[in-house]
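Heads up: the structure comes next, in structure tokens.
The values are calculated or read from the model by the stated rules, or taken from the named source; none is laboratory data. Everything numeric here is computed off the predicted structure, so don't read it as measured data. With ideal geometry, Cβ positions are generated from the backbone for all residues, glycine too; neighbour counts draw on all protein chains shown. Ligands, DNA and RNA are stripped out before the accessible areas are found, and what is left, the full protein with its side chains, is counted by its heavy atoms. Shrake-Rupley method; radii C 1.70, N 1.55, O 1.52, S 1.80 Å.
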Amino acid sequence: MFTGIIESLGTVVALTDEGSNRNFHVESPISGELRVDQSLSHNGVCLTVTRLEKGGHWVTAVSETLDKSNLGELKPGDAVNLERSMSANGRFDGHIVQGHVDGTAVVKSIRDENGSWRFDFEHKQGQGFVTVEKGSICVNGISLTCFDCTDHSFAVAIIPFTHSHTNLGRARQGDLVNLEFDILGKYIQRLLGNRG
């Protein structure tokens, strides 16, 4: 369980393929505090730490994860948003994030708002792909508030701290980002849908 509050930026150092899996070597300021078998969110994807190296760690993504997220597009030098799982006595500073990415969205536009940035995203329609005005959305592991929502698009406002402390500050129009829709909204849609 995560909250969508990014702890650190990591840098992809190396990639190796093993069958249909891909192993990622990531260096970050928090890698030295990790342990093998620990859950760690990478751009919103919950992955298990498989190996530690000085200043870095290794994780593995299976083909299902690579197909549904932007992890398959990562290359050495790319930045990834990192968050350790929430401790039982922690605060929910963001919202309930499972680390189970539902799909991806394309950055349609980025507009400088003179103190903040407006990002517009477009995604495919799908079961559980629900946004509501002033509701929660997780973009690349970041808990954000969405607005101007449609069945296939939404916008978010990014403050300077988020812009400089996450990989959204490096995002460009056309980039692919990971989305995890709000779990409460997904359950409500499923229950109402089952009622016909």
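Computed on the range 107-173, with alpha-carbon pairs under 8 angstrom and 6+ residues apart, the relative contact order is 33 percent.
Relative to the dominant Cα principal axis of the chain, helix 183-194 is inclined by about 50°.
Entry comment: accessible area of the range 102-161 is 50 Å² per residue, from protein heavy atoms only and a probe of 1.4 Å. If I compute solvent accessible area with a 1.4 Å probe over the protein chains, what percent of it on the chain is carbon and sulfur? Carbon and sulfur together cover 48 percent of it. Consider a paramagnetic label point 7 Å from the Cα of N89 along Cα→Cβ; state which residues of the range 37-74 have an amide N under 20 Å from it. It comes to no residues whatsoever. Within the assembled protein chains, the solvent-accessible surface assigned to S109 is about 40 Å², based on a 1.4 Å probe. Computed over the alpha carbons of the range 3-42, Rg followed by Dmax gives 11.6, 33 Å.
Rounded to the nearest 0.05, what FRET efficiency do H163 and T16 have when you use their Cβ-Cβ distance and R0 = 30 Å? Given R0 = 30 Å and the Cβ-Cβ separation, E is 0.40. Each Cα pair under 8 Å and six or more residues apart adds its separation to the average, and for the range 29-97 the resulting relative contact order is 30 percent.
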